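Right, one structure below, let's go through it.
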Amino acid sequence: MSELQALLESLHQTYQQQDAGQLACYIPELCKADPNWFAISIVTTDGQTFQVGNCQQTFTIQSISKVFVYGMALADHGRDALLAKVGVEPTGDPFNSLIRLDEDSKRPDNPMINAGAIATTSLIQGNGPTERLNRLLEMFRRYVGHEVFIDMPVFMSERDTGHRNRAIAHLMLNFGMIDKNIDEALDLYFQQCSVLVNCHDLAVMAATLAHKGINPITQERAVESGYVKDILSVMYTCGMYDFAGEWAYKVGLPAKSGVSGGIMAVVPNRAGIAVFSPLLDEYGNSIRGSRVLELGIRVIQV
Ligand code: DON
């Protein structure tokens with residue numbers, strides 16, 4: 001067994017016993033997750049895989065999708081046009097904050113909080129909702145390396161209960177910051193959050209960002225290399241929400257979390273790391289995931 005594989009197994013054994021945290025029950029379907037699920041995957045930019053735990057267990061990507069949709073909006077509109085609509089300032093506020101629109105520009109502060117993510121999603125190009133969704137799924141396919149599907153019960157659950165996101169979208173509509181049909185934009189946002197992945201898929205996606213936008217397993221380009229820096233920058237400064245500063249200090253890697261329990265981190269030019277475990281802290285970040293990355297990263301020599 002390689003040293004890295006042995007290390008992952010020891011991290012897994014250590015943190016499996018910790019059962020602090022809460023499931024994301026504000027989306028009722030996510031409350032059905034098994035709190036014991038726990039997986040760690042590493043995919044290197046030369047295509048090697050190291051993994052332990054429930055690596056094949058699928059879960060919805062949730063907010064981690066925001067990273068990839070931001071990349072797609074950059075490709076659709078270019079840096080300057082996108083920056084006019086969505087800023088790149090960390091907020092220090094929770095992901096679902098209602099108030100994060102800049103006083104003057106009325107832009108949401110960044111594309112990782114929900115306001116910025118909904119605005120970003122509303123900019124995805126396509127002739128009607130089906131074409132926009134298909135373009136989005138095709139983009140995810142390139143990162144993951146196989147076709148991806150939407151978890152319909154999670155999508156419906158979030159669509160039925162996502163009143164806070166509807167309020168955020170209405171606020172932005174009021175200020176003229178999103179100009180499409182907001183129900184369509186919200187549906188696409190809920191759909192992107194409901195894309196199913198497993199921990200290995202997530203590590204491949206992170207490794208694709210580490211590998212300048214080329215999937216290291218399929219060798220297919222998922223995003224132009226020129227936009228990878230933009231994506232990693234917002235992950236680094238905003239990806240962990242109101243924990244982003246402490247995260248940068250403790251882990252020092254661009255990362256993104258989602259409320260179903262996934263966290264992915266990018267080691268540029270080296271590897272993608274993903275951890276999945278659905279018990280969350282007060283910031284909405286996986287507790288076992290944060291621990292593995294905070295403490296494990298000091299000893300993981302990818
Ligand atoms: O908008 C929401 O509430 C969810 N679909 C996504 C939130 C999320 O994953 C936040 N990340 N930790």
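The values are calculated or read from the model by the stated rules, or taken from the named source; none is laboratory data. Keep in mind that this is a model prediction, so the values were computed, not measured. Cβ placement follows ideal geometry from the backbone for every residue including glycine, while neighbour counts extend to all protein chains displayed. Accessible surface is based on the protein model in full, side chains and every heavy atom, while ligands, DNA and RNA are left aside. Shrake-Rupley method; radii C 1.70, N 1.55, O 1.52, S 1.80 Å.
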Q | Among (1) under 12 Å from the mean Cα position of the chain (by Cα); (2) open to solvent by 10 Å² or more (accessible area, probe 1.4 Å), the one test that Val267 misses | A | (1)
Q) Are any of the residues in segment 159-172 closer than 17 Å to Ser65 by Cβ and among the hydroxyl-bearing types (Ser, Thr, Tyr)? A) no
(Q) Tell me whether segment 22-43 contains one or more residues that are on the phi > 0 side of the Ramachandran plot and surrounded by fewer than 19 Cβ atoms within 10 Å (Cβ to Cβ). (A) no
Q | Selection count, segment 151-173, where residues are buried (at least 21 other Cβ atoms within 10 Å of the Cβ) and more than 12 Å from the ligand (Cβ to nearest atom) | A | 1
Q | Which listed residue is open to solvent by 20 Å² or more (accessible area, probe 1.4 Å) and modelled with pLDDT of 95 or more, from Leu188, Leu202, Leu295, Leu232 | A | Leu232
Q: Go through the residues of segment 167-179 one by one and say whether even a single one is within 30 Å of Pro268 (Cβ to Cβ) and not basic (Lys, Arg).
A: no
Q.
Which residue is farthest from Phe190 (Cα to Cα), if the candidates are limited to segment 225-279 and must be in a strand (DSSP E or B) and touching a Pro at 6+ places or on another chain (Cβ under 8 Å)?
A. Val266
Q. For segment 1-96, list the helices (runs of 4 or more DSSP H) that sit wholly inside it and hold at least 2 residues that are within 14 Å of the ligand (Cβ to nearest atom); which are they?
A. 65-77
Q) Can you tell me which of Asp80, Asp76, Asp46 is closer than 30 Å to Met177 by Cβ, open to solvent by 60 Å² or more (accessible area, probe 1.4 Å) and modelled with pLDDT of 95 or more? A) Asp80
Q: For Gln62, indicate whether it is crowded, with 19+ Cβ neighbours inside 10 Å, more than 16 Å from Ala210 (Cβ to Cβ) and of a type in the set (S, T, N, Q).
A: yes
Q: Sort through Ala203, Ala210, Ala265, Ala169 and tell me the only one that's free of Cβ contacts under 8 Å to residues at least 60 places away in the same chain and in contact with a strand residue (DSSP E or B) (Cβ under 8 Å, 6 or more places away or on another chain).
A: Ala265
